[in-house]
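Encoded as structure tokens, the structure appears first; notes follow it.
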Amino acid sequence: MIYPPKMPWLIQQFFPKFLWRMPATIPPTLYLTFDDGPIPDITPWILEQLEQYQAKATFFCVGDNIRKYPAIFEQVKAAGHTIGNHTYHHLDGWKTSTADYLQNVADCQQLTQSNLFRPPYGKITPRQAAALFEQYKIVLWEITTWDFEASLSANDCTQKIIKNATNGSIILLHDNVKSWNRLKETLPAILEHYTKAGFSFGALDAAIVVDPK
């Protein structure tokens, strides 16, 4: 099942400790986020596209991929983008014990050194979240393209953003193989569209204050 591209306002209000979107700014800003990398060829290509538009983004990295491709990980950091933790093995929190989940996050943290965390699949239990709130800002998203869904076209994914994103939206994309066929058209299209519309593209601030209260 493919859910609506924009996270309903009511859900955002029901879980206020998660970060769903950023405040509106002048000039208007969108926050592109990429999950699952670093991946050879795909992540470096994303970096090239972002550089063309002086765009910054946030990369929620899988620890095991950082281990496999450390040079690409260093490329992301050197380009001035923000790094986030996406667990070491891309775990589904709903299918993982709290102890194992927290250890996997800690293992990834040894590499990412970030206080931003995004649960893979957006799946995390209340107990897991409560423990992580002490150290991390848990980042979800307002807009998702479902770019990993093979039944969708690149234009489908592009329109999900153009029809729903507003000033301050956090947008979920993926730098993984499943998303590549759609991403290679969607990313240039949205960078061009929103740049012409006067938007900028910002990275989430790695210094976002973590408030465990």
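The values are calculated or read from the model by the stated rules, or taken from the named source; none is laboratory data. Since this is a predicted model, take the numbers as computed values, not measurements. In this analysis, Cβ positions are derived from the backbone assuming ideal geometry, glycine residues included, and neighbour counts consider all displayed protein chains.
Would you check if there is a residue in segment 4-21 being over 20 Å from Asn167 (Cβ atoms), in a loop (DSSP other than H, G, I, E, B) and modelled with pLDDT of 90 or more? For segment 4-21, residues over 20 Å from Asn167 (Cβ atoms), in a loop (DSSP other than H, G, I, E, B) and modelled with pLDDT of 90 or more: present. For segment 40-55, the candidate set comprises residues that are in a helix (DSSP H, G or I) and of a type outside the set (S, T, N, Q); within that set, the residue that is surrounded by the most Cβ atoms within 10 Å (Cβ to Cβ) is Ile46.
Taken over segment 56-94, the criterion of being of a type in the set (Gly, Ala, Ser) and assigned to a strand (DSSP E or B) is satisfied by Gly84 alone. Among the residues of segment 67-118, those that are in contact with a strand residue (DSSP E or B) (Cβ under 7 Å, 6 or more places away or on another chain) and without any contact (Cβ under 8 Å) to a residue 60 or more places away in the chain comprise Phe73, Val76, Lys77, Asn85, His86, Val105, Cys108, Gln109, Thr112, Phe117. For segment 127-155, the set of residues classified as closer than 20 Å to Ile42 by Cβ and without any contact (Cβ under 8 Å) to a residue 24 or more places away in the chain is empty. Only residues that are buried (at least 19 other Cβ atoms within 10 Å of the Cβ), of a type in the set (D, E, K, R) and either more than 24 Å from Thr96 (Cα to Cα) or out of contact with any Leu (no Cβ under 7 Å at 6 or more places or on another chain) (or both) were counted across segment 120-177, and they come to 4.
Are any residues in segment 42-91 among the aromatic types (Phe, Trp, Tyr), within 25 Å of Tyr194 (Cβ to Cβ) and out of contact with any Asp or Glu (no Cβ under 6 Å at 6 or more places or on another chain), and if so, which ones?
Result: Trp45, Tyr53, Phe59.
Return a yes/no flag: does segment 2-24 have any residue that is touching a helix residue (DSSP H, G or I) at 6+ places or on another chain (Cβ under 8 Å) and either among the acidic types (Asp, Glu) or surrounded by 22 or more Cβ atoms within 10 Å (Cβ to Cβ) (or both). No - not one qualifying residue is present in segment 2-24. The condition of being part of a loop (DSSP other than H, G, I, E, B) and either under 25 Å from Ala78 (Cα atoms) or touching a residue at least 12 places away in the same chain (Cβ under 8 Å) (or both) holds for Ile124. The set of residues in segment 137-167 being in contact with a Pro (Cβ under 6 Å, 6 or more places away or on another chain) and part of a loop (DSSP other than H, G, I, E, B) consists of Asn164, Asn167. Among the residues in segment 100-112, are any part of a loop (DSSP other than H, G, I, E, B) and either more than 16 Å from the chain's Cα centre (by Cα) or of a type outside the set (Gly, Ala, Ser) (or both)? No, there is no match, as no residue in segment 100-112 is part of a loop (DSSP other than H, G, I, E, B) and either more than 16 Å from the chain's Cα centre (by Cα) or of a type outside the set (Gly, Ala, Ser) (or both).
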